[in-house]
Structure formats: structure tokens, C-alpha cells
1. Give the relative contact order (percent, whole number) for the chain; include only Cα pairs under 8 Å separated by 6+ residues.
2. What does the net charge come to around Ile39 if you take all other residues with beta carbon closer than 9 Å to its beta carbon, with K and R at +1 and D and E at -1?
3. Label point 7 Å out from Ala135 along Cα-to-Cβ: which residues of region 92-119 have amide N under 15 Å?
4. Please find the FRET efficiency linking Arg7 to Ala43, where r is the Cβ-Cβ separation and R0 is fixed at 22 Å, and quote it to the nearest 0.05.
5. What net charge is computed for the residues neighbouring Gly137, neighbours being all others with C-beta under 13 Å from the C-beta of Gly137, Lys and Arg scored +1, Asp and Glu -1?
6. Take the alpha carbon atoms of region 1-140, find their radius of gyration, then divide it by 2.2 N^0.38 Å using N residues; give the quotient.
7. Suppose only helical runs count, i.e. DSSP H with n ≥ 4. What mean residue ellipticity at 222 nm does that imply for the chain under -39500 (n - 2.57) per run, divided by all residues and rounded to the nearest 500 deg cm²/dmol?
8. Taking 4 °C and 1.567 mPa s as the conditions, I'd like the Stokes-Einstein D for region 65-164 in µm²/s, using the Kirkwood hydrodynamic radius from alpha carbon pairs.
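Derivation of every value follows stated rules applied to the coordinates shown; laboratory data play no part. In this text, all values refer to a predicted model and were calculated from it rather than measured experimentally. Counting neighbours? That spans all protein chains shown, and the Cβs are built from the backbone with ideal geometry, glycine included.
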Amino acid sequence: MSALGPRPGDVALDLYCGAGLFAGALAPAVGPDGTVVGIEADAAATRDARHNLREWPWARVHKGDVAAVLRRGGQQGAKERTLPTARLVVADPPRAGLAREVIDYLNAAEHGAARFAYVSCDPATLARDIGLLVAGGWELADLRAFDAFPMTHHVECVATLAKP
């Protein structure tokens, strides 16, 4: 939350939202004048996210592949634009990292993202994606590692990126 700095009235995207953990933290912060949109491919997780976010009617969840939903919903001039222009984005992708289409979406100035929190369980794909995002105009503002699984080789990282 401190990485994104959500304010009342903000619009936020939660990519690969799972059961809505991050969307559930963002929704009360942006309040009823804001919007939170989650995107999740797994049907059970989408159902759970909708249930978990029911307290905040300004939070909604789209079921589908993140890249496909962004492509369909973020197109300029689309008859029914399903995704609002979001200032804040959080993503917690699978080990494979962000799909290239997602990186292209985030790098496109017309989508309006200014702050991006990237949660990763794979430092190698995180490094690859940060390189592509920096090449697209983002700046790495912060990077933290968390030993969420002590006595294993697993580490969770949170990278904060900002558009200058």
C-alpha cells in the first residue's frame, strides 16, 4: 500500500488478482469515488475474489487471461471499454512473470499508469520484466525481498516502479 500510495478517487488495476487480496486492500483506500478492477484467469479464484470484494461495490473482477482482458478492455475507441484508465497497478503473476502483452500495455502512455507494484516469486523473471519496463519508460523506485518461506530457496520480491 505504501508503494502505491492510493488516494480516495483513484483507479487501480489488480492483475492476476487471485482471490482479491490486493484489490481488497485497495478498495477501501480508493473509496466509493474510486474504482478497483481485478483480472484473474482461474474461475474458482475469480468467484472467491468477487465474494471477498462484495463489501465494496466499486471493486469488480473480470475473469479471463490478463493479456486478453487488457487487450480487449483497454483499447482506445472500443465500443465498450471495460477497463478504466488506471493510475495504480499491482500484479502478482505466476513464476513465468508478466506476459509480453501486459508489459506492452503498462508501457503504453495512453493507459495512464503512474505507479506499479510488482509482486514476484521468481527473481529471474522479475529482473527480466523490470528491464523491459525500464526500457519502456518506468523507473525502479524500490525493491524489497521477503523470506516468506524460511529454510527454503524461495523468496518473494516486491518491486515498485513509477513513471517519471
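1. It rounds to 19 percent for the chain.
2. Computed value for this residue: -2.
3. What the label zone holds, given the 15 Å backbone N cut-off, is 98-108.
4. For R0 = 22 Å, the calculated efficiency reads 0.10.
5. -2
6. 0.97
7. Helix-only estimate at 222 nm: -8500 deg cm²/dmol.
8. 91 µm²/s
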